[in-house]
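Have a look at the structure below, then the notes.
The values are calculated or read from the model by the stated rules, or taken from the named source; none is laboratory data. All values derive from a computational prediction rather than experimental measurement. So basically every Cβ, Gly included, is an ideal-geometry build from the backbone, and we count neighbours across all protein chains shown. Only protein heavy atoms, including side chains, enter the accessible area calculation; ligands, DNA and RNA are left aside. Shrake-Rupley method; radii C 1.70, N 1.55, O 1.52, S 1.80 Å.
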Amino acid sequence: MSNPKRYNPWLVVIHWATALLIILNLLAGTFVLKWMPNDAAKIMPLASHMTIGILILVLTLFRIVIRRATPTPAPATTGNSFLDKIGVATHILLYLGALGMGISGVGLALQSGLFSSVYGGTGAIPPDFYAYPVRTGHGFAATALIGLVLLHIGAALYHQVIRKDGLMSRMTIGKD
Ligand code: HEM
């Protein structure tokens, strides 16, 4: 059977939903949460950050299962085998980055008792998240993920604008 022209519609929906949610959580974490004092006013922003983060984790796990179970378009090419290898590596690292952020975030919340503070209403936030080593891991993973997302967007633009090969249509829902 020949390769389809597009990814499975569920993969397309999860791709764009998680792209939006990951960028939202990266921006909110980097520019808002990190700088807020750990007082009662931080509970709401933490609740939305944690809920979105857990949703990203669950959607990414679903995505990996669906990706393995459905036929995918033929591997994309840039005409340069080194760049093609970087493309494949970037996609694997993006999956690992999304999973790593979710897992380290849940680990931090478990260690610091955030689940009962945020969802259970106890409202107690630890004075400093950096007291838990996993907070440093969550920060490093965030920096790596920002780099990967920028690389991914740059590569998509390269295909669309310079090579004009219509690669983005693979990540859209259509009849063919
Ligand atoms: C893909 C999912 C996620 C992304 C993209 C993300 C992103 C971020 C970023 C960028 C930061 C600031 C890091 C820094 O610059 O040092 C941060 C901090 C944090 N994140 Fe996440 N996160 C995700 C998932 C989660 C989850 C699932 C939880 C908990 C259930 C969580 C809890 C936290 C907490 C508690 C902080 C510390 C805030 C502070 O230092 O005041 N994150 N996150």
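Contact order for the chain, expressed relative to its length and based on alpha carbon pairs under 8 Å spaced 6+ residues apart, stands at 34 percent. Average 1/r across all pairs of distinct alpha carbons in the range 36-140, invert it, and you get the Kirkwood radius: 16.0 Å.
Volume per residue for the range 1-95 equals 114 cubic angstrom (convex hull of Cα atoms). Rounded to the nearest 10 degrees, the inclination of helix 43-69 to the longest alpha-carbon principal axis of the chain is 30 degrees.
Can you tell me the 0 to 90 degree angle between the C-alpha axis of helix 81-111 and the longest principal axis of the chain, rounded to 10? Roughly 20 degrees between the two axes. Think of the chain as having a plus end and a minus end, set by charges on the Cβ of Lys, Arg, Asp and Glu; of G174, P9, G120, G174 sits farthest toward the positive end of this dipole. Treating each Cα of the chain as one equal point scatterer and applying the Debye formula with no solvent, the log10 of I(q)/I(0) at q = 0.13, 0.14, 0.17, 0.20 Å⁻¹ comes out as -0.72, -0.81, -1.06, -1.35. Principal-axis analysis of the Cα atoms of the chain puts helix 9-31 at an angle of about 40° to the longest axis.
For the chain, the solvent-accessible area of protein heavy atoms averages 61 Å² per residue (probe radius 1.4 Å; ligands and nucleic acids excluded). Over what distance in Å are the Cα centres of the range 99-176 and the range 8-59 separated? Their Cα centres are 7 Å away from one another.
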